[in-house]
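To start, the structure itself, in structure tokens.
Please treat every number below as a calculation from the coordinates, not as lab data. Because the structure is predicted, anything quoted here is derived from the model rather than measured.
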């Protein structure tokens, strides 16, 4: 029989809502994802995602480690991941 230890850590999380982070469909290579996409909405989506990326994906301003949790739509997450990996956002 093994010994299991469970640690409970109380975290203080400050919730912030951002109008920049909202569901949208950025350009993608898959035709089924962008089928029927409105060009103006797609351009607005990319503008919002780029602004969000510039605001949240930054180096910590001090030596303290900082972690943020961003909750958003899968298409937006895909775009962020491609930006972080420095690959084409259409990937």
Dimensions of the chain along principal axes (Cα, Å, largest first)? 56, 39, 25
Rounding to the nearest 10 and keeping the result within 0 to 90°, find how far the Cα-based axis of helix 39-56 lies from the longest principal axis of the chain. 30
Taking the 0 to 90 degree range and rounding to the nearest ten, how far is the long axis of helix 74-84 tilted relative to the main principal axis of the chain, both from C-alpha atoms? 80
